[in-house]
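Inspection log for the structure reproduced underneath, given as structure tokens.
The values are calculated or read from the model by the stated rules, or taken from the named source; none is laboratory data. In this text the structure is predicted, and so the values were computed from the model without any measurement. Here the Cβ is made from the backbone with ideal geometry for all residues, glycine too, and neighbour counts use every protein chain on show.
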Amino acid sequence: MIGGLVKLFIPRFSPLSWFCLSATLRELAFTEIREIIPNIFKVFSPDDTASKVLGALEEEGLYEAAVSLEDSVGIITVRDMLGVDQPTQTKIEGIWRGTDSVSPDSTVLDAAEMLVRNNIRVVPVTEMKQIVGVISQVDIVNAMCGAPELSGHPAKELIRSPVFSLDIDEKVSHARRLMLERGISHVPIVEYGRLVGEVTAEDIVRTFITPASKATTGERVGRRTSRFPGNVTGVIDTNPLSVGQDASVLDVACGMRDRGKGACFMVGERGRILGVLTPRELMAPLLRLRAARELPIYIMGLSDEDFFERGVAEEKVRRVVRRSMRYRPDITEVSVNIKTSQTRGERTRYELTGRALTKDGQINAKAGGWDLLRVFDELTSTLDKAIRRTKPETPGRTRRRRSRR
């Protein structure tokens, strides 16, 4: 539904179920995003005004939303409103950004790669050409809190530096200009070189651009707000999230989740800022899993004339195995052997055998039929189920009942 109305998307499993269990980072990487995307999201039309969008987002406590225009999808965030002067008269048609989308069965790793590759903080989730949710960098980092191994990853290896900061006596307009010029959303505020707070794009937008839900006669809504008067002390958050140099990635991720922060500042002696960490930096350990190893997949038995089918078939196998690796991250190789058993006129019957190698053996699946790509679909489905059935038990791990909320 368009026009800022809340849409509910009920995943196959509750997103809360993921957080009930400790998991490895690799298991998370190959989890379908349907298990971690929020249930509540919003979809707007380019014809909606900035004031309307802000009011709807504030009402639900959201920072971003999806935008739909015929066959195109995109996103809009609170930060995108920084350049708006007249919110009630400004349509978001010139503000929102068109993006690609992901499907509910895409893996967390696929979504993380798309977010970083396109330099966006959120991406729409679509199914049957309809927007059914959004997945953000924040959602992924929140899920990473369920991976205890991140306690062994030093956060200092991921910090972004140098950090653009402002002195406590600077103007709000200066902070806003810095955000627009540098493409950032968080500006640390210092006094005598020591971190004393932060100003965010959300703080500025929500203070100086009143949403439609709060507009009354005589307010500044609809009036130009380009000057953004006042000192940063009027919008400063005096309790920024900060950590020392010995903090782990897990410390930072869970700190951001628990305190609802979008950034964490690493400080040294006397509170001097050494660097900043945002969800984008924190996803680095997850993204390294793809770089570390692209699973070998071998398709044997196709002729040169079947070049197109080879590419499609390999992608079908790779996509299913990526999901299945949540259950068997020790898979080292997958092969599919194709044999023809009989022909009827110009038709050929195919017999397929799939094999996934693991550290302690192999997992097999078979399928047969006259349509090669349909047989591949059957084989990958059978192989996926076979892999899931062999998921090894984790000693001492108690599986809790999934939340039904």
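Figure legend. Inter-residue proximity from the stretch 166-189: first residues over 20 Å from Asp80 (Cα atoms), second residues crowded, with 16+ Cβ neighbours inside 10 Å and among the hydroxyl-bearing types (Ser, Thr, Tyr), beta-carbon distance below 8 Å, spacing 6+ or different chains. Indicated pairs: Ile189/Ser165.
Mind listing whichever residues of the stretch 355-375 are touching a Phe, Trp or Tyr at 6+ places or on another chain (Cβ under 9 Å) and either under 14 Å from Lys316 (Cα atoms) or not assigned by TED's automatic domain parsing to the domain that holds Met325 (or both)? Those that are touching a Phe, Trp or Tyr at 6+ places or on another chain (Cβ under 9 Å) and either under 14 Å from Lys316 (Cα atoms) or not assigned by TED's automatic domain parsing to the domain that holds Met325 (or both): Leu372, Val375.
Test Val125 against the stated conditions and say whether it is at pLDDT 95 or above, outside the structural domain of Gln245 (by TED's automatic domain parsing), within 21 Å of Phe265 (Cα to Cα) and under 22 Å from the mean Cα position of the chain (by Cα). Considered against the rule, which asks whether it is at pLDDT 95 or above, outside the structural domain of Gln245 (by TED's automatic domain parsing), within 21 Å of Phe265 (Cα to Cα) and under 22 Å from the mean Cα position of the chain (by Cα), Val125 comes out as no. In summary, Val73 fulfils each of the numbered conditions (1) of a type in the set (A, V, I, L, M, F, W, C); (2) in contact (Cβ under 8 Å) with a residue 60 or more places away in the chain; (3) under 20 Å from Glu32 (Cβ atoms) with the single exception of condition (2).
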